[in-house]
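Single-structure report; data block below.
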Amino acid sequence: MDAGQFRLHVRAPAGTRIEETEQLFGQVEQKIREVIPADEVSVILDNIGLPVGGINLAFSDSATIGSADGEILVSLNQEHHGSTWQYVKKLRNELKTEFPQASFFFQPADIVSQILNFGLPAPVDIQVLGRNAEKNYAIAKQIQKQVAQIPGAVDVHLHQIVDAPEIGIEVDRTQAQQAGLSQRDVANSILTSLSSSGQASLTTGSIRKRV
């Protein structure tokens, strides 16, 4: 079926600030308007960065994981439009050539495709589990390379980002207690100073903060 909709996920390099990601989205949106005639475009909606609140993230199939990526939702004119799949095919080729620094993949846009995917971003989802994160990632890259060679497979990508910039702060718990500070106090101070919506992960002797 041709629902006259498509959903493009755009991912800038890891660590890209949201205002820079917005500029990339503007350029990609302009490219979409060049490929699709103006009278066939009904709505183009950009969703950039993580949603506010955990509920919106938990009850959606969004593949967005940070400020460096998001989705472009395109709805075509229901009265008349060309083949959605031909537009998707053309955009898939041209976007990779024009924006080599970014990665792109299409997600299910209509309700039928979303249900058939059982809430996952792609019809085929492969997960690698193990105790060694580096070896897991190496195996995943090998699987990605082999799957990409299968005829008919498109938008094959590794979803996990491993090179995002982060700040690591080691806390001496003994000295912190002598000063009347807990791990939570330190974490709250960092969150306030950085003024971001990231998450602080408390461990035994360190605090990790993604920015």
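Given the Cα-Cα distance of Leu73 and Ile44 and 0.36 nm per residue of separation, how much length would full extension add, in nm? Write down the numbers at each step before the final one.
Details: separation 29, 0.36 × 29 = 10.44 nm, distance 0.57 nm.
Difference between extended and current length: 9.9 nm.
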**Item:** Rg to Rh, two decimals, where segment 58-115 supplies the alpha carbon set and Rh follows Kirkwood
**Value:** 0.99
**Message:** Suppose each label sits 7 Å from its Cα in the direction of the beta carbon; what would the Ser193-Met1 distance come out to in nanometres?
**Reply:** 5.4
**Item:** Among Ala58, Ala179, His81 - extreme Cα towards positive end, dipole of the chain, charges at beta-carbon
**Value:** Ala179
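Using the heavy atoms of the protein chains and a 1.4 angstrom probe, tell me the accessible area per residue for the chain in square angstrom. Please report the intermediate quantities before stating the final value.
Numbers: 13700 Å² over 211 residues.
Using a 1.4 Å probe on heavy atoms only, each residue of the chain averages 65 Å².
By how many nm would the segment from Asp110 to Ala153 grow when fully extended, if each residue of separation counts as 0.36 nm and the alpha-carbon distance is taken off?
Details: separation 43, 0.36 × 43 = 15.48 nm, distance 2.01 nm.
Gain on stretching Asp110 to Ala153: 13.5 nm.
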**Asked** What percent do you get for the relative contact order of the chain when only Cα pairs under 8 Å and 6+ apart count?
**Response** 22
**Asked** Spin-label point model (7 Å from Cα, Cβ direction): what's the Val124 to Gln101 distance in nm?
**Response** 3.2
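Ranked highest first by the average count of other Cβ atoms within 10 Å around their residues, in what order do 166-172, 180-186, 84-90, 2-8 fall? Walk me through the numbers before you get to the answer.
Working: 166-172: 11.1, 180-186: 13.3, 84-90: 15.0, 2-8: 19.1.
Order by mean packing, descending: 2-8, 84-90, 180-186, 166-172.
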**Item:** Rounded to whole Å, sorted largest first: equivalent-ellipsoid semi-axes of the chain, Cα gyration tensor
**Value:** 38, 21, 15
**Request:** Sum -39500 (n - 2.57) across every DSSP H segment of at least 4 residues in the chain, then divide by the residue count to get the 222 nm mean residue ellipticity, nearest 500.
**Result:** -11000 deg cm²/dmol
**Fill in**
So Asp61 and Gln177, fully extended at 0.36 nm per residue minus their Cα-Cα distance, gain in nm 37.5 nm
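Which helices count as membrane-span-like in the chain under these terms: full DSSP H, at least 20 Å along the axis by C-alpha, Kyte-Doolittle mean of -1.0 or more? Working shown, then result.
Working: long enough: 18-35 (25 Å, -0.75); 84-98 (21 Å, -1.47); 133-148 (22 Å, -0.63).
Result, helices passing both filters: 18-35, 133-148.
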**Prompt:** Which value, in debye to the nearest 20, describes the size of the charge dipole of the chain about its Cα centre when Lys and Arg Cβ atoms bear +1, Asp and Glu Cβ atoms bear -1, and nothing else is charged?
**Reply:** 820
**Prompt:** What is the packing order of peptides 70-82, 118-130, taking the mean over residues of other C-beta atoms within 10 Å and listing the highest first?
**Reply:** 70-82, 118-130
**Item:** Electrostatic dipole magnitude of segment 57-103 [Cβ: Lys, Arg +1; Asp, Glu -1; Cα centre; debye, to 20]
**Value:** 220
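The values are calculated or read from the model by the stated rules, or taken from the named source; none is laboratory data. As the structure is a computational prediction, the values presented were derived from the model and not from experiment. A quick note on method: Cβ atoms are made from the backbone with ideal geometry, for glycine too, and the neighbour counts reach across all protein chains shown. Just so you know, the surface numbers come from the protein's heavy atoms only, side chains and all, with ligands and any DNA or RNA stripped out. Shrake-Rupley method; radii C 1.70, N 1.55, O 1.52, S 1.80 Å.
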